[in-house]
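A.B. asks: First, the structure itself, so that you have it in front of you.
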């Protein structure tokens, strides 16, 4: 199936990134959020991102304008009824996603494909909630979406070959490389990543070093481009905690047990870069503060 119109549910960081790469690929995109104003704000943030690229000479103004022309804010799920594919990019909460897929299954056209950007929740369970299980699949984008090349394609037990082929082709149209992953909590990337991030939290918790020491050690000692604690800040500590909880609960292995310090930071509202405070503090432009 050729995808001409795409819906994105969730206007946060991931939803914005997905909408941007889709619009840059020439696909009409409609964004909806729980609060209609958030969808329009999300489009505004995409424009600011593209404006900065134009200012730096990395994007032509005409290309920016063409991308923005493909973006539209919607007010409710029913506004997605003409979309060929709808990608859910809501917070990593199982009850929320199950309710969203039930709603989307009711309002989207019969042959529409519903995809989830979940990083840990069962695609099979979301598929069952939708009422159209053969047309539900996982499309796990990496953060930040416009820069990261990978998309994990996760088939639930009932996902059809046609659904898999359509979304794989769509991801490649976005300029992404795809890998297939089994519908097991964490899939491939987060199954490997979350234990690293969580262990870095334990390292800080147990006083192995400062946050900067731990990050510098990983960057220079393991040749990673970013330290685990600053990466956790970028992802969002609430999201990291939610994924770790799913892994711990569903796989039953204590190696996934969330660090108490991670829980404490989330309880304090120190969720990372998006609120300007996590393991590090950030200024209003999102730059890490010294010290």
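The values are calculated or read from the model by the stated rules, or taken from the named source; none is laboratory data. Please read these numbers as outputs of a predicted model, since none were measured by experiment. Don't worry about glycine lacking a Cβ; one is built from the backbone with ideal geometry, like all the others, and counts go over all protein chains shown.
A.B. asks: Have a look at 241, 247, 237, 261 and point out the one that is in contact with a helix residue (DSSP H, G or I) (Cβ under 6 Å, 6 or more places away or on another chain), in contact (Cβ under 8 Å) with a residue 12 or more places away in the chain, farther than 18 Å from residue 13 by Cα and surrounded by 21 or more Cβ atoms within 10 Å (Cβ to Cβ). Let's see the steps before the verdict.
C.D. replies: On the way: 241 fails: farther than 18 Å from residue 13 by Cα; 237 fails: farther than 18 Å from residue 13 by Cα; 261 fails: surrounded by 21 or more Cβ atoms within 10 Å (Cβ to Cβ).
None of the other options fit; the residue is 247.
A.B. asks: Identify all residues within segment 17-26 that are assigned to a helix (DSSP H, G or I) and either without any contact (Cβ under 8 Å) to a residue 40 or more places away in the chain or more than 16 Å from residue 117 (Cβ to Cβ) (or both); write none if there are none.
C.D. replies: Going through segment 17-26, the residues assigned to a helix (DSSP H, G or I) turn out to be 17-24.
Scanning segment 17-26 gives 23, 24.
A.B. asks: What number of residues within segment 218-232 are surrounded by 17 or more Cβ atoms within 10 Å (Cβ to Cβ) and more than 16 Å from residue 273 (Cβ to Cβ)?
C.D. replies: Looking only at that region, the number is 1.
A.B. asks: Given the residues 128, 168, 124, 163, which is the only one that is surrounded by fewer than 23 Cβ atoms within 10 Å (Cβ to Cβ), touching a strand residue (DSSP E or B) at 6+ places or on another chain (Cβ under 6 Å) and in a helix (DSSP H, G or I)? Give the steps one after another, and end with the answer.
C.D. replies: Numbers: 128 fails: touching a strand residue (DSSP E or B) at 6+ places or on another chain (Cβ under 6 Å); 124 fails: touching a strand residue (DSSP E or B) at 6+ places or on another chain (Cβ under 6 Å); 163 fails: surrounded by fewer than 23 Cβ atoms within 10 Å (Cβ to Cβ).
Criteria check complete, one pass: 168.
A.B. asks: Could you list, in sequence order, the residues of segment 1-12 that are in contact with a helix residue (DSSP H, G or I) (Cβ under 8 Å, 6 or more places away or on another chain) and either free of Cβ contacts under 8 Å to residues at least 24 places away in the same chain or crowded, with 20+ Cβ neighbours inside 10 Å (or both)?
C.D. replies: Residues of segment 1-12 that are in contact with a helix residue (DSSP H, G or I) (Cβ under 8 Å, 6 or more places away or on another chain), as a first pass: 1, 3, 6-9, 11-12.
Passing the criteria: 6, 7, 8, 9, 11.
A.B. asks: Select from segment 27-64 the residues that are loosely packed, with under 12 Cβ neighbours inside 10 Å and either outside any helix (DSSP H, G or I) or not assigned by TED's automatic domain parsing to the domain that holds residue 175 (or both) and list them in ascending order.
C.D. replies: Within segment 27-64, 35, 56, 57, 58, 60 qualify.
A.B. asks: Determine whether residue 232 is in contact (Cβ under 8 Å) with a residue 60 or more places away in the chain and either part of a loop (DSSP other than H, G, I, E, B) or closer than 30 Å to residue 48 by Cβ (or both). So that I can check it myself, show each step before the final result.
C.D. replies: Values: in contact (Cβ under 8 Å) with a residue 60 or more places away in the chain: no; either part of a loop (DSSP other than H, G, I, E, B) or closer than 30 Å to residue 48 by Cβ (or both): yes.
Spelling it out, it is not the case that residue 232 is in contact (Cβ under 8 Å) with a residue 60 or more places away in the chain and either part of a loop (DSSP other than H, G, I, E, B) or closer than 30 Å to residue 48 by Cβ (or both).
A.B. asks: Which residues, counting only those in segment 82-93, are touching a helix residue (DSSP H, G or I) at 6+ places or on another chain (Cβ under 8 Å) and surrounded by fewer than 17 Cβ atoms within 10 Å (Cβ to Cβ)?
C.D. replies: 91, 93 - these are the residues of segment 82-93 that are touching a helix residue (DSSP H, G or I) at 6+ places or on another chain (Cβ under 8 Å) and surrounded by fewer than 17 Cβ atoms within 10 Å (Cβ to Cβ).
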